[in-house]
Amino acid sequence: MGKEQLKHFKMRATALDVFFKKNKDRKTVVIQGLGFVGAAMLTAVARATDSNNKPLYAVIGTDLPNAGGMNKIDCINEGKLPFKCSDQFLQRVFTKCFRQGNIIATCDKRAYKVADILVVDINLDVKKKGLKNSSKNKVFFSNFVKAMRQAAKLVKPSCLIIIESTVPPGTCEKVLLPIFKLEFKNRGYLRRSVDLVHSYERVMPGRNYLNSIISYFRVFSGINKKAKKKAREFFESFIDAKKYPLAELENTTASEIGKVLENSFRAINIALIQEWTEFAEAAGVDLYKVLDAIRKRETHRNIMNPGFGVGGYCLTKDSIIADFGLRNLFRKRRRLAMSLNAVNVNDKMPFHSFSILTKQLGKLKDKTVLIMGVSYLKDISDTRNSPSEIFYRICARQEAKVLAHDPLVEYWPEMKIKVSNDLSELRKNKADAVIFAVNHDSYLKLRPVVFAEFLKPKAFILDANNVINDRKSSALRKMGYRLLGVGKGHWKF
Ligand SMILES: NC(=O)c1ccc[n+]([C@@H]2O[C@H](COP(=O)([O-])OP(=O)(O)OC[C@H]3O[C@@H](n4cnc5c(N)ncnc54)[C@H](O)[C@@H]3O)[C@@H](O)[C@H]2O)c1
């Protein structure tokens, strides 16, 4: 450790001591992992108050001592969320909790030793081997298990351990429980029960970020009655459980299955609509209108819309994690074929938009293509597995000049490029084609006259995410632009 680093580390250690002193009468909750889930959970838990309206918990966020982890830790200790956020409520609550002094972040291992409750929000990654066969992908389960083994060496045996990370079903019962039992035994705590719980996050980064934790239904289960009871008390302290009753399942494996099944269901729903999108386009039908009519049936309300692709951290991997659990923790040879196939179909969705684009523009060499939206979902800044990344790469491979705009992303880490946040910046370099990849709110509000700022006359507009309605599309067509839309078979040149 260099001199500067050592100084920094000592300063942080002192800040942690001050924090312990200031919050000595409060239960300590450690949130392990300060990513998109952990940083929001930190805020949700720090917001909880006792009957005197005083903060209930001292909340410590921990992350890895690497550049990414330290950056998140520093952000939190400077009173900033470690990501750009469109939810003003989350922003406000975080600032309030930071000022009231019951939040701190650290990579100091002492945090684990004082934890009364440990909430695990770390990543369990999947590495994809191409886009064609999700049954051949690699699941980094051992990294997750190693992190849990380290935690088991540090936490008090009375600590309530809540796994929120998405894990292969069977993980708590078959892998983590034996590890915690063994580590507690090695430390001389014989016959201690382990208060181990699984409860999955349904957090939705976006405008309703914080409410998707504190005002939403939550599923959980524990390894035994005591763990379930402690978990229920904890959740009821920061979730509006009167309005959104908690769903307690029989055992942790059931809760683990709940998470991956939920996301596999959604992935299959999207993959199904991709098939019908292509049908509707071939038949000249507006699939959005068909789907609106179908949604009138109560049983079909949540049928998905056509779109540009599926990204983010969860839907792109959770079926693969489920399949890993079935084979490795339950020793079954069969695969979750339908769920895995949905992941494959969804991974390839941006190629559909690409083929529409090249049919209109021909070879892309030296053409300027503008991608509007690089995050994986509307009104968020998360670019992980964004379908725009695949689209960008295939356009660039054909030597197109690719420009990217996003109201919430300044730097695109996966592509290692700066992203324009300002449409007027694009005036200098007008595009031959624009693709609306994400339906950010600000895109929905764009007036037709603004398009001339970033498009050449007669440019091609591809609406891959229902950003442009029929009225606006007529206006744009009158201005000389050519338009097509994914799922909008009724749009003709
Ligand atoms: N992002 C979502 O919308 C979402 C929703 C529901 C569930 N989940 C699940 O929640 C988990 C976390 O997701 P995320 O999006 O926050 O991931 P993320 O990658 O944004 O954050 C994970 C964080 O954990 C840190 N970390 C890794 N190992 C650690 C360790 N040993 N100790 C301390 N910190 C460590 C990483 O450095 C990173 O900052 C995943 O299992 C994910 O599938 C995510």
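Given R₀ = 41 Å, FRET efficiency for TYR216-ASP366 by Cβ-Cβ distance, to 0.05? FRET efficiency, TYR216 to ASP366: 0.25.
Taking the Kirkwood radius as the inverse of the mean 1/r across Cα pairs, report the Rg/Rh of the chain.
Dividing the radius of gyration by the Kirkwood radius yields 1.00.
Subtracting the Cα-Cα distance of SER51 and GLU399 from 0.36 nm times their residue separation leaves 119.0 nm of extension gain. In the chain, the DSSP-assigned H stretches of four residues or longer account for a calculated mean residue ellipticity at 222 nm of -12500 deg cm²/dmol, using -39500 (n - 2.57) per stretch and the full residue count as denominator. Placing unit charges on the Cβ atoms of the charged side chains and taking the dipole of the chain about its Cα centre, the candidate lying farthest along the positive direction among LEU272, LEU446, PRO65 is PRO65.
Counting only DSSP beta bridges with both residues in the chain, what percent are antiparallel, rounded to the nearest 5? Show your work: numbers first, answer last.
On the way: 9 of 51 bridges.
Taking every DSSP beta bridge with both residues in the chain, the antiparallel ones total about 20 percent.
Each Lys and Arg Cβ is given +1 and each Asp and Glu Cβ -1; about its Cα centre, the stretch 348-485 then shows a dipole of about 680 debye. Here the stretch 76-117 has 50 percent of its accessible surface on carbon and sulfur atoms, given a 1.4 Å probe and all protein chains in place. Each Lys and Arg contributes +1 and each Asp and Glu -1, all at the Cβ; summed about the Cα centre of the stretch 1-129, the dipole is approximately 140 debye.
In the context of the full set of protein chains, residues of the chain present 47 Å² of accessible surface per residue (probe radius 1.4 Å, heavy atoms only). Each Lys and Arg adds +1 at its Cβ and each Asp and Glu adds -1 at its Cβ; summed about the Cα centre, the chain shows a dipole of about 860 debye. Ranked from largest to smallest solvent-accessible area, with a 1.4 Å probe on the protein heavy atoms, VAL434, VAL145 come out as VAL145, VAL434. Applying a DSSP loop filter and a limit of 14 other Cβ atoms within 10 Å to the chymotrypsin sites (Phe, Trp or Tyr not before Pro) in the stretch 328-360 leaves PHE330. Working note: Karplus 6.51/-1.76/1.60 with θ = phi - 60° gives the stretch 443-453 the couplings 6, 4, 8, 4, 7, x, 4, 5, 4, 5, 5 Hz, where Gly and Pro are set to x.
For the stretch 344-482, the relative contact order works out to 24 percent when only alpha carbon pairs closer than 8 Å and six or more residues apart are counted.
Calculated FRET efficiency, LYS153 to LYS348, Cβ-Cβ distance, R0 = 41 Å: about 0.40 to the nearest 0.05. Shown here: the stretch 70-111, whose C-alpha atoms stretch 32, 21, 13 Å along the first, second and third principal axes, sorted largest to smallest.
Cα-based values for the stretch 348-485, radius of gyration first and Dmax second, are 13.5, 38 Å.
Convex hull of alpha carbon positions in the stretch 313-382: directionally averaged projected area 7.0 nm².
The orientation-averaged projected area of the convex hull spanned by the Cα atoms of the stretch 3-258 comes to 15.3 nm².
When the Cα gyration tensor is reduced to axis lengths a ≥ b ≥ c, the ratio a/c is 1.5 or higher for the stretch 122-252, and with a/b not above b/c it is classed as oblate. Placing unit charges on the Cβ atoms of the charged side chains and taking the dipole of the chain about its Cα centre, the candidate lying farthest along the positive direction among GLY38, ALA152, VAL197 is ALA152.
Model label points for PHE20 and VAL290, set 7 angstrom from Cα along the Cα-to-Cβ axis, are 6.4 nm apart.
Counting only protein heavy atoms and using a 1.4 Å probe, what share of the accessible area of the stretch 348-485 belongs to carbon plus sulfur, as a whole percent? Ligands and nucleic acids excluded, carbon and sulfur reach 52 percent. The residue list LEU361, PHE308, ALA431 was ranked by how far each Cα lies along the charge dipole of the chain toward its positive end, using unit charges on Cβ atoms, and PHE308 comes out on top. Report the calculated FRET efficiency for ARG301 and ARG192 (r = Cβ-Cβ distance, R0 = 60 Å), to the nearest 0.05. It comes to 0.80. With respect to the chain, whose longest principal axis is taken over its alpha-carbon atoms, helix 318-328 is tilted by about 50°. Packing around the peptides 182-194, 200-212, taken as the average count of other Cβ atoms within 10 Å per residue, puts them in this order, highest first: 200-212, 182-194. Packing, taken as the mean count of other beta carbons within 10 Å per residue, orders the peptides 449-456, 165-172 from highest to lowest as 165-172, 449-456. Each of the peptides 308-316, 293-301, 121-129 was scored by the mean count of other Cβ atoms within 10 Å over its residues; in descending order, highest first, they stand as 308-316, 121-129, 293-301.
From the alpha carbon centroid of the stretch 119-164 to that of the stretch 434-448 is 37 Å.
Among the GluC sites (Glu not before Pro) in the stretch 376-431, those located in a DSSP loop and surrounded by at most 12 other Cβ atoms within 10 Å of their own Cβ are GLU399, GLU410.
Across the stretch 418-427, rounded Karplus estimates of 3J(HN,Hα) from the backbone phi angles (6.51 cos²θ - 1.76 cosθ + 1.60, θ = phi - 60°) give 6, 10, 6, 9, 10, 4, 5, 4, 7, 4 Hz, Gly and Pro being marked x.
The values are calculated or read from the model by the stated rules, or taken from the named source; none is laboratory data. Since the structure is predicted, the reported quantities are computational estimates derived from the model, not experimental observations. FYI the Cβ positions are ideal-geometry reconstructions off the backbone, even for glycines, and counts take in every protein chain you see. Quick note on the areas: whole protein, heavy atoms, side chains included, nothing else; ligands and nucleic acids left out. Shrake-Rupley method; radii C 1.70, N 1.55, O 1.52, S 1.80 Å.
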